[in-house]
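Heads up, the thing below is written out as structure tokens.
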Amino acid sequence: MMKKSRRSFLKVAGIAAIGLGAAPAMNFASTNAAHPVKSKNQTALTAHRWGMVIDTNKVTEQVVEHVMEACHKAHNVPDFNHEVDEEKFPNTRPVNHKQELKWIWEEHFKYAFPDKEDEFLAEKFLDLPFLVTCNHCKNAPCVQACPTQATFKREDGIVLMDYHRCIGCRFCMAACPFGARSFNFRDPRPFIEEISPGFPTRTKGVVEKCNLCSERLAKGELPHCVEASEGAITVGDLEDPESEVRALLNENYTIRRKQSLGTEPSVYYVM
Amino acid sequence: MTKNIILTGLGIFVLAVLSPFWFNMVTTTQAKPSPELLGKAKTEKKCVLDKYDMRANHMSLLDEWRDSVVRDADRMYTSANGKSFNMSLSTGENSCLGCHEDKAKFCDSCHTYASVRPYCWDCHTNPKEIE
């Protein structure tokens, strides 16, 4: 056997020690390089604060119908007038129409703007249809009321619901001065004519409301109501002075619902 | 005499004690579920994470995905293996069910075996089930 000097032994041992350290160092470098990344789609529409302008002069009964249908179909909002398929859903109990669910709907002037009702109000307002929905308030009371943070304000101003966290306590419904929220008193599925695969349904026991089509904005598409409204609804960035909504607000006299409450709604009505 | 009695007694005792093993030998029990890669998942080579990581951690991955989508508005996931996914449980081509097209033979085969009943499907829809 070859006789090793102390010197050559130390040399080999030293190189081996470097080798021992190298493996963890390389591992460290490589895991750092390949970390999963979460990001927005490149085509996503973004804003500092999303807002909506509704031109009441362009809202007709027909527009209301189209808008409601487009929104409710796409988001699987149940329609209690839909005849239940007895084969698929046997023994469905009769509906209570007071428990209907809605994301965007028609309202009379006196209910939409109760503080602006007037004995001598221009007659045309008496039977004009007004489209109302969640106002995505800047100071949203529902967000403050929610005990689980299921309702929250997203960075871009949208008041959104995380249905996974909703416990159905309905504090948000009590807090919302606009009645923009509905509660699922029962399983909605029997009352959905055709389930749209693009958005989950809800279950019994959660609250729901308009999400400003955040699933569409993420793909670079405008909300369903905008598309179906024949130009009556515009959605855009309230904080961008160059935006279309700001141009409309600049050129027209607009009002918001129950402004005196201080919730700062983000939905404006051109009168 | 007593020797024979003791020996037969012992024999019966051993047979009885080992009865679960005999029982298992004659009956067939499915030892473990075999989730099948069907549809798009058959041609694709890779999942979001590697196989064993998926097997052990897909529930936490889904949890991460839904928080990212719903709360942070981030819907793209670029995985450590270089592939990107439009984070979704069942909507779109590269959602879990968009790739694992047969939920019953994939997800459910494991879940039934393990008695896991995810409540996700109360809301989320299986595109194959709504024809």
Options B:LYS103, B:LYS128, B:LYS83: the member that is closer than 26 Å to A:PRO190 by Cβ, surrounded by fewer than 18 Cβ atoms within 10 Å (Cβ to Cβ) and among the basic types (Lys, Arg): B:LYS128
Any hit, region A:125-132, residues being over 17 Å from A:CYS213 (Cα atoms), exposed (fewer than 14 other Cβ atoms within 10 Å of the Cβ) and either at pLDDT below 90 or of a type outside the set (A, V, I, L, M) (or both): yes
Evaluation of A:PHE152 against (1) more than 11 Å from chain B (Cβ to nearest Cβ); (2) closer than 16 Å to A:SER214 by Cβ; (3) of a type outside the set (Lys, Arg) (one fails), failing number: (1)
Counted residues, region A:117-140 - those being closer than 20 Å to A:PHE178 by Cβ, of a type outside the set (A, V, I, L, M) and outside any loop (DSSP other than H, G, I, E, B): 3
Residue match in region B:22-34 (condition: among the small types (Gly, Ala, Ser) and under 30 Å from B:ASN81 (Cα atoms)): yes
Residues within region A:110-141 that are over 12 Å from A:THR56 (Cβ atoms) and without any contact (Cβ under 8 Å) to a residue 60 or more places away in the chain, tallied: 10
Qualifying residues in region A:222-247 (those that are within 26 Å of A:VAL143 (Cα to Cα) and among the acidic types (Asp, Glu)) - the one surrounded by the fewest Cβ atoms within 10 Å (Cβ to Cβ): A:ASP240
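Okay, residues lined up against (1) loosely packed, with under 15 Cβ neighbours inside 10 Å; (2) in a strand (DSSP E or B):
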{"site": "A:ASN41", "(1), (2)": "no, no"}
{"site": "A:THR46", "(1), (2)": "yes, no"}
{"site": "A:MET52", "(1), (2)": "no, yes"}
{"site": "A:HIS66", "(1), (2)": "no, no"}
{"site": "A:ASP85", "(1), (2)": "yes, no"}
{"site": "A:TRP105", "(1), (2)": "no, yes"}
{"site": "A:TYR111", "(1), (2)": "yes, no"}
Where a residue in region B:63-75 is within 7 Å of chain A (Cβ to nearest Cβ) and crowded, with 18+ Cβ neighbours inside 10 Å and its partner, wherever it lies, is among the hydrophobic types (A, V, I, L, M, F, W, C) and part of a helix (DSSP H, G or I), with Cβ under 7 Å and at least six apart: B:ARG75/B:VAL69
Subset of region B:97-131 that is farther than 22 Å from B:LYS46 by Cβ and among the basic types (Lys, Arg) - its residue that is farthest from the chain's Cα centre (by Cα): B:LYS128
Residue in region B:106-125 that is surrounded by the most Cβ atoms within 10 Å (Cβ to Cβ), counting only those that are of a type in the set (Val, Ile, Thr) and either in a loop (DSSP other than H, G, I, E, B) or in contact with a Gly (Cβ under 7 Å, 6 or more places away or on another chain) (or both): B:THR125
Filtered residues of region A:152-182 (kept if outside any loop (DSSP other than H, G, I, E, B) and either in contact with a Phe, Trp or Tyr (Cβ under 9 Å, 6 or more places away or on another chain) or charged (D, E, K, R) (or both)): A:LYS153, A:VAL159, A:LEU160, A:MET161, A:MET173, A:SER182
Single condition B:ASN86 does not satisfy, out of (1) closer than 26 Å to A:VAL37 by Cα; (2) more than 13 Å from chain A (Cβ to nearest Cβ): (2)
Single unsatisfied condition, A:GLU194 versus (1) surrounded by 16 or more Cβ atoms within 10 Å (Cβ to Cβ); (2) modelled with pLDDT under 95; (3) within 11 Å of chain B (Cβ to nearest Cβ): (1)
Selection count where residues are surrounded by fewer than 21 Cβ atoms within 10 Å (Cβ to Cβ), among the charged types (D, E, K, R), more than 10 Å from chain B (Cβ to nearest Cβ) and touching a residue at least 40 places away in the same chain (Cβ under 8 Å), scope region A:155-191: 1
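The values are calculated or read from the model by the stated rules, or taken from the named source; none is laboratory data. Quick caveat, the model's predicted, so the values are computed rather than measured. When we count neighbours, we look across all protein chains shown, and the Cβ atoms used for this are built from the backbone with ideal geometry, even at glycine.
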